[in-house]
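Student: Shown below is the structure under consideration.
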Amino acid sequence: MFEDSSFAIHPNKLGKSMDSRYHDIGEILSFEQQGHVYIITCKNGFMKIVFYQNDIVRIVMNPLVEPSLKSSVAVIEQPKKISVKLQQLKDRIILTSTKLSLELFKTPCRLTIRDETGEVLLTEGSKGIGTKATSEVVCYKVMTEDDHFYGFGEKTGYLNKRGEKMVMWNTDVYAPHNPETDPLYQSIPFFMAVRNGSAYGIFFDNTFKTTFDFKTETDLYSFSANGGQLDYYVFSGPSPKDVVRQYTHLTGRMPLPPKWALGYHQSKYSYMSESEVRELIHNFIEKDIPVDAIYLDIHYMDEYRVFTFDQHSFPNPQQLIADLKSKGIHLIPIVDPGVKKDPSYNIYKDGILKNHFCKYLEGDIYIDEVWPGESAFPDFSKTETQKWWADNHTFYTDLGIEGIWNDMNEPAVFNNTKTMDLEVIHDNDGDIRTHAELHNLYGLLMGMSTYNGLVEQLQGKRPFLLTRAGYSGIQRYAAVWTGDNRSFWEHLEMSLPMCMNLGISGVAFCGPDVGGFAHDCNGQLLTRWIQVGAFTPFFRNHNALDTNSQEPWAFGAKYESIIRKYIQLRYRWLPHLYTLFSECSRTGIPVMRPLVLEYPGDKHVWNLSDQFMIGENVIIAPILRPDTFHRVVYLPDGEWINYWTDQVLIGDKHLLIEADLETLPIFIKKGAIIAQGASKQSTMVAETDMQIHIYPDENVASSYTLYDDDGTTFNYMYGQYFEKKITCMYSGDTLNISVENIISTYKPSWKQWKLIVHLANENTKLFINKKQIPNENIIFHHESHTIEVTVDQ
Ligand code: MIG
């Protein structure tokens, strides 16, 4: 409106580009050591360096004052006392641990980190650390031709993020998730760089809006934040798996979920009534399709008031939940953070009276629109509010509920900015912060409150929590689904790299809405998606209002029978999947992984986005396009076995593979040992058919440790579990197998197990723990070239 006046050249307009110039931190003026903290004063800022352990170092820069070493809630580890060698040279300072050395050049201040062999992991060039606008901290690092980047949590696009610019700002995006759609619901400001088979990682622990830029400059990448300190951790690897272990050591790992959370889950926005839910269950059982959980979306509530049931459509939730449980099925209600503004509603009233809602500094409660209309939002940054919210969940747990679904916790608000006013403040236990600073933590803090409440209320049973929003560390509390995708083939394809990168980012328990949330699904797409879902860590079919139904039987008998087969396959693979989940809960190494995690030196996998691995020796190469019955599959060096035919394929090759609608291409590496069980109506049915499949590799020893426990309690944490180690060696026609029960403080339901040896012939001599198994105890299957022996537990 003032375009004709000087207002057109208002300094704010020009200022933007001026302010985005980079201001370097300048030269180092002084260096001192205080205990395990190194303090560096530069011309334009201050730094602190702390070793957390030999392979993790933290670097914090504050442009204005001496940096604070308070970390975000993502970090659960304290620095260990390790011995660091300090060398002060004329032009630089060198700090060396047993795993890395950090060189700090003085004029200007520039950092180089080397691994234990002296190889440069990361280094800085024409730019290092500094500021952009007055409140923007930024860090540049050199990007070489050979660097490939993974992690970053939940992002669209391909696996390798080289060439991308990504923002972390938890956002509710209903619009189609395109390659350019960024940010989404989760903020995981962590990545790893892989170069010539080795890796390092960086976790930028800044909860403001952050940006990771691998696009703007050709030989530098950067990460920056809209406020706060430049606070980051370097993980020195050297392998990609080491980086995942180091990152999840710092930010925590997934507790082992209850087994039922690994089954097939059915959801819809919304199953409207008790009778609809009962009919749904009836269909699953009638049709012999396994199912472990049913979700109730927002319509179960009384006008979207959380912690209520609508009395007309759900008159007796307690009975419903009990009836479902008797069939081995869990009911999971949605819980959003918005609390309806209604003085007669106990949660709202209580929250107001006890001061639990987010406010402006001046004292007004922040009220805005979500499903229930005008609503208030709990301030999860306050310990007391966390406890209050957690305690409210007795409403659900008293009814027998053991799982909760958190949605809209970015938080999503129906206004132009899609979220809370950035000027709203969070109490943060007295250390007040703006929403601009804590926005990305809202979902994590809600998850923490909910999970902790459920743990307390379920008295020893493992809860299940599903969340849409989160920050680094969310894996300690919740599984993550990737939000409002669509029934597009492109979204099936996109879900693979998205989940693989989430896995690298510590969030191993993840999956997309199978079948697609918005838009209309069809039989072929659902079939192909279920095939993939059978192997993603989280396996839930969910579907939006006013779109085609997409329950397993929705598209007729032909598709239903294939879908049944794959949901049953999921249940047959559960003993192996559960073993991998257990490994993940101890090491952070994801169940579903990109090939680059196993073969980081192989250039064919650096951006391989349409295949994934389950554990270290199974490749899943799904069909991701309509009317397509073949595809290219890359098999790394070694020999691979077609799971369906036992045909042996030579790797280090791209192969053209046929896959009719019934076939999900699965390849097993020679030497692999894999546990399988029976298909069952739900995971609550005890296992009776434990099978150990061996794919022997000539003259190469291999081993497998099967894990099992009661699947429902935390007793495994106190040593009650079962581990059976199976080692095999195949040479000549002799297969030597040794079996050792490492821990049997938990007794599995199966008393005997079957050993199934693939690629065998009638002359194969079998020894178990050095005793030859007599021929009459061996069943030889001619068609499949397998031999089968039954063994006692
Ligand atoms: O703005 O609760 O992503 O899974 O069905 C829509 C209704 C709110 C978004 C979730 C979706 C859920 C839907 N919710």
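The values are calculated or read from the model by the stated rules, or taken from the named source; none is laboratory data. Computed from a predicted model, the values in this text were never measured in an experiment. Quick reminder, even Gly has a Cβ in these numbers, built from the backbone with ideal geometry, and neighbours come from all protein chains shown. What goes into the accessible areas is simple: the full protein's heavy atoms, side chains included, and nothing from ligands, DNA or RNA. Shrake-Rupley method; radii C 1.70, N 1.55, O 1.52, S 1.80 Å.
Student: Over the stretch 461-561, what relative contact order in percent results from Cα pairs under 8 Å that are six or more residues apart?
Tutor: 24
Student: Classify the stretch 333-453: rounded, prolate or oblate, from the alpha-carbon gyration tensor (a ≥ b ≥ c, eigenvalue square roots; a/c under 1.5 rounded; otherwise prolate if a/b is larger than b/c)?
Tutor: rounded
Student: Per the Kirkwood treatment, what hydrodynamic radius in Å, one decimal, follows for the stretch 427-525 from the mean inverse distance over all distinct Cα pairs?
Tutor: 15.3
Student: Related question: Would you work out which of THR112, ASN62, ILE76 lies farthest towards the positive end of the dipole of the stretch 48-127, given +1 charges on the beta-carbon of Lys and Arg and -1 on that of Asp and Glu, about the Cα centre?
Tutor: ASN62
Student: Can you work out the base-10 log of I(q)/I(0) for the stretch 138-221 at q = 0.23, 0.25 1/Å, using the Debye formula on its C-alpha atoms alone?
Tutor: So the normalised log intensities work out to -1.20, -1.37.
Student: Out of the chymotrypsin sites (Phe, Trp or Tyr not before Pro) in the stretch 518-612, which ones are loop residues according to DSSP with at most 16 other C-beta atoms within 10 Å?
Tutor: Values: sites: TRP529, PHE535, PHE538, PHE539, TRP553, PHE555, TYR559, TYR566, TYR571, TRP573, TYR578, PHE581, TRP606, PHE612; in loops: PHE535, PHE538, PHE539, TRP553, PHE555, TRP573, TRP606.
Sites meeting the loop and neighbour criteria: none at all.
Student: Describe numerically, in nm with one decimal, the distance between label points set 7 Å from Cα along Cα→Cβ at MET272 and at ASN761.
Tutor: 6.5
Student: Which distance in Å, rounded to a whole number, links the C-alpha centroids of the stretch 188-259 and the stretch 546-598?
Tutor: 28
Student: For the stretch 384-481, what's the relative contact order in percent, using C-alpha pairs closer than 8 Å and at least 6 residues apart?
Tutor: Answer for the stretch 384-481 is 35 percent.
Student: If you don't mind, another one. In the chain, carbon and sulfur make up what percent of the accessible area (probe 1.4 Å)? Walk me through the intermediate numbers first.
Tutor: Details: 14880 of 29760 Å².
Reported share for carbon and sulfur atoms: 50 percent.
Student: Let's test the formula: R0 of 35 Å, r as the Cβ-Cβ distance of LEU545 and GLU384. What FRET efficiency results, to the nearest 0.05?
Tutor: 0.45
Student: Let me check the size of the stretch 490-645 from its C-alpha atoms; what are the radius of gyration and Dmax in Å?
Tutor: Using the Cα atoms of the stretch 490-645, the pair Rg, Dmax is 15.6, 49 Å.
Student: Quote the FRET efficiency, to the nearest 0.05, computed for ASN775 versus ASP288 with a Förster distance R0 of 35 Å and r equal to the Cβ-Cβ distance.
Tutor: Given R0 = 35 Å and the Cβ-Cβ separation, E is 0.45.
Student: Any idea what the relative contact order of the chain is, in percent, if you count C-alpha pairs under 8 Å spaced at least 6 apart?
Tutor: That works out to 10 percent.
Student: Follow-up question, since we're still on this one. Along the charge dipole of the chain, which of TYR599, ALA508, LEU496 sits closest to the positive end, that is, farthest toward it, with unit charges on the beta carbon of Lys, Arg, Asp and Glu (+1, +1, -1, -1)?
Tutor: Checking the options against the dipole of the chain, the answer is TYR599.
Student: Taking a probe of 1.4 Å, how large is the accessible area per residue of the chain, in Å²?
Tutor: With all protein chains present, the chain gives 38 Å² per residue.
Student: Separate question: Whole number please: convex hull volume per residue, Cα atoms of the chain, in Å³.
Tutor: It is 180 Å³ per residue.
Student: Could you please report the charge total around GLU639, scoring K, R as +1 and D, E as -1 over all other residues with beta-carbon less than 13 angstrom from its beta-carbon?
Tutor: Summing Lys and Arg as +1 and Asp and Glu as -1 gives -2.
Student: Subtracting the Cα-Cα distance from 0.36 nm times the residue separation, let me have the gained length for SER83 to ILE650 in nm, one decimal.
Tutor: 199.3 nm
Student: Mind checking the dipole of the stretch 553-687: about its Cα centre, +1 per Lys or Arg Cβ, -1 per Asp or Glu Cβ, Debye to the nearest 20? Before the final figure, lay out the partial values.
Tutor: Values: 14 positive and 15 negative charges, 73 e Å.
Computed charge dipole of the stretch 553-687: roughly 340 debye.
Student: Calculate how many DSSP beta bridges within the chain are antiparallel, expressed in % of all such bridges and rounded to the nearest 5.
Tutor: Given both bridge residues lie in the chain, the antiparallel proportion sits at roughly 80 percent.
Student: Rounding to the nearest 20 debye, state how big the charge dipole of the chain is about its Cα centre with +1 on each Lys and Arg Cβ and -1 on each Asp and Glu Cβ.
Tutor: 1840
Student: Let me ask something else. Just need log10 I(q)/I(0) for the stretch 652-793 at q = 0.14, 0.15, 0.21, 0.22 Å⁻¹, Debye formula, equal scatterers on the alpha-carbon atoms, no solvent, rounded to two decimals.
Tutor: Log10 of I(q)/I(0), two decimals: -0.77, -0.87, -1.32, -1.38.
Student: Report P(r) for the stretch 211-352: all Cα-Cα distances, bin width 5 Å, range 0 to the bin holding the largest distance, values in whole percent.
Tutor: Spelled out bin by bin, the stretch 211-352 gives 2, 7, 12, 12, 11, 9, 9, 10, 10, 9, 6, 2, 0 percent.
Student: What is the projected area of the convex hull of the Cα atoms of the stretch 575-676, averaged over all directions, in nm²?
Tutor: Numbers: hull surface 27.2 nm².
For the Cα atoms of the stretch 575-676, the hull's average projected area reads 6.8 nm².
Student: What number comes out for the charge environment of LEU624, summing +1 per Lys or Arg and -1 per Asp or Glu over other residues with Cβ under 13 Å away?
Tutor: Result for the local shell: -1.
Student: With a sphere of radius 13 Å drawn around the Cβ of ALA261, what net charge do the other residues whose Cβ falls strictly inside it have (Lys, Arg +1; Asp, Glu -1)?
Tutor: It works out to a net charge of +3.
Student: Right, something else. Mind pulling the per residue volume of the convex hull built on the Cα atoms of the stretch 23-251? Å³ is fine.
Tutor: Dividing the Cα hull volume of the stretch 23-251 by its residues yields 119 Å³.
Student: Further, regarding this structure: Nearest 20 debye, what's the magnitude of the dipole of the stretch 23-251 about its Cα centre given +1 on Lys and Arg Cβ and -1 on Asp and Glu Cβ?
Tutor: Numbers: 25 positive and 27 negative charges, 105 e Å.
My answer is approximately 500 debye.
Student: Sorted by packing (mean other beta-carbon atoms within 10 Å per residue), highest first, where do 373-384, 200-211 land?
Tutor: Per-residue mean Cβ counts within 10 Å order the peptides as 200-211, 373-384.
Student: Report Rg/Rh for the stretch 717-776, rounded to two decimals, where Rg is the Cα radius of gyration and Rh the Kirkwood radius.
Tutor: A ratio of 1.07.
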